[in-house]
């Protein structure tokens, strides 16, 4: 047996899983297709991650937060509004008796620090650049064929974890199908600078085309995640930077003064995608390999990290008592994750459907709901705890 555990994917989910198991006694290998130098310069590294308070707690438990806290901006307030309507709700960290409702950090800052920690872990071997070409499992092991530096390599393990993102090769090799719902929307992602300080307020503004999120970064910068219809997004990407900022200003308003662009625009088509199964014979998929969500509630990475935490805890117990690739064990993991994944997917999908249309009846109901939320402390606390990742 070459390894106990093979983790395919050296991104956030895969690396966090390896670190969660660094003292488990398991012999671990990470299979990563891209060289680290390429990952460090990839455009996706510029994206902002909204970390729920519960996610930060998990990173602290992994001894990771201390190394990146300086690069993160706390969210002390959340302002939710509906463009063209009266409804709004405001959440406050102080009123919820917490230091922050969440934090904003660039993916690259978090990924780089975590990758450095993985590289120093004594029980982890990294194969990079390496691609998975085939998987075959029997009752005792899983046999993995790889292409490593243009050479064939074969490894065995008790368990394979697919943490290799939305286009997961592990999921495809396992013939796990996906359920895909195209939102016919595109997320426009960039960074802006405002003439007024954001005062650690995150803004979620709903429009008929989709939500606009402005997340605080540093003193005057804000990460923008602007959801538009595919047709509108295409036009905004083709237009000038000045036209883009003008329309963004018109959509958001002047609460933060004049907005100026400070980073390139990028576009990401949006769909709700979730795998029809989490497990197969001696294999499990986690993170984006198992589910990809609309960014409206910022739940993607937070949900993926909860996959990691639960799997790591269960693996440590199972390793002391039995086979970590046993079918009964993997079924228990899938059952443990089913409720959280289903609720988070349903919540995100419902928010998109309710707040991305202008039907009069729906608009009236959602605005009354937002107004009531703003004056009902108990309801506001429930929403705040959900945003912080504590209401599951």
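Numbers below:
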{"quantity": "Residue 362 more than 30 Å from residue 22 (Cβ to Cβ), touching a helix residue (DSSP H, G or I) at 6+ places or on another chain (Cβ under 9 Å), loosely packed, with under 15 Cβ neighbours inside 10 Å and at pLDDT below 90", "calculated": "yes"}
{"quantity": "Residues (within 15 Å of the chain's Cα centre (by Cα) and crowded, with 24+ Cβ neighbours inside 10 Å) located in the range 12-28", "calculated": "13, 14, 15, 16, 17"}
{"quantity": "The range 138-174, residues that are under 18 Å from residue 334 (Cβ atoms) and part of a strand (DSSP E or B)", "calculated": "142, 159, 160, 161, 162"}
{"quantity": "Condition met for residue 69 (free of Cβ contacts under 8 Å to residues at least 40 places away in the same chain and either buried (at least 22 other Cβ atoms within 10 Å of the Cβ) or touching a strand residue (DSSP E or B) at 6+ places or on another chain (Cβ under 9 Å) (or both))", "calculated": "yes"}
{"quantity": "Lone qualifier among 56, 98, 68 - being modelled with pLDDT of 95 or more, touching a helix residue (DSSP H, G or I) at 6+ places or on another chain (Cβ under 8 Å) and more than 29 Å from residue 142 (Cβ to Cβ)", "calculated": "68"}
{"quantity": "Flag for residue 222 being surrounded by fewer than 23 Cβ atoms within 10 Å (Cβ to Cβ), over 17 Å from the mean Cα position of the chain (by Cα) and not in a loop (DSSP other than H, G, I, E, B)", "calculated": "no"}
{"quantity": "Residue ID - surrounded by the most Cβ atoms within 10 Å (Cβ to Cβ), chosen from residues in the range 318-359 that are in a loop (DSSP other than H, G, I, E, B) and at pLDDT 75 or above", "calculated": "325"}
{"quantity": "Residues of the range 73-91 that turn out to be at pLDDT below 85 and in a strand (DSSP E or B), as a count", "calculated": "7"}
{"quantity": "Residue list for the range 154-180, restricted to those being surrounded by 15 or more Cβ atoms within 10 Å (Cβ to Cβ) and either over 29 Å from residue 305 (Cβ atoms) or free of Cβ contacts under 8 Å to residues at least 12 places away in the same chain (or both)", "calculated": "172"}
{"quantity": "Residue within the range 181-188 that is surrounded by fewer than 21 Cβ atoms within 10 Å (Cβ to Cβ) and assigned to a loop (DSSP other than H, G, I, E, B) present", "calculated": "no"}
{"quantity": "Set 183, 127: member being under 22 Å from residue 268 (Cα atoms) and in contact (Cβ under 8 Å) with a residue 40 or more places away in the chain", "calculated": "183"}
{"quantity": "Test result for residue 315, buried (at least 21 other Cβ atoms within 10 Å of the Cβ), modelled with pLDDT of 90 or more and either in contact with a helix residue (DSSP H, G or I) (Cβ under 8 Å, 6 or more places away or on another chain) or assigned to a loop (DSSP other than H, G, I, E, B) (or both)", "calculated": "no"}
{"quantity": "Condition met for residue 125 (surrounded by fewer than 19 Cβ atoms within 10 Å (Cβ to Cβ) and at pLDDT 95 or above)", "calculated": "yes"}
{"quantity": "Which listed residue is closer than 30 Å to residue 247 by Cβ, touching a helix residue (DSSP H, G or I) at 6+ places or on another chain (Cβ under 9 Å) and in contact (Cβ under 8 Å) with a residue 60 or more places away in the chain, from 106, 112, 193", "calculated": "106"}
{"quantity": "Unique match (being in contact (Cβ under 8 Å) with a residue 60 or more places away in the chain, farther than 22 Å from residue 221 by Cβ and part of a loop (DSSP other than H, G, I, E, B)) among 54, 10, 14", "calculated": "10"}
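The values are calculated or read from the model by the stated rules, or taken from the named source; none is laboratory data. Model, not experiment: these values are computed from the prediction. FYI the Cβ positions are ideal-geometry reconstructions off the backbone, even for glycines, and counts take in every protein chain you see.
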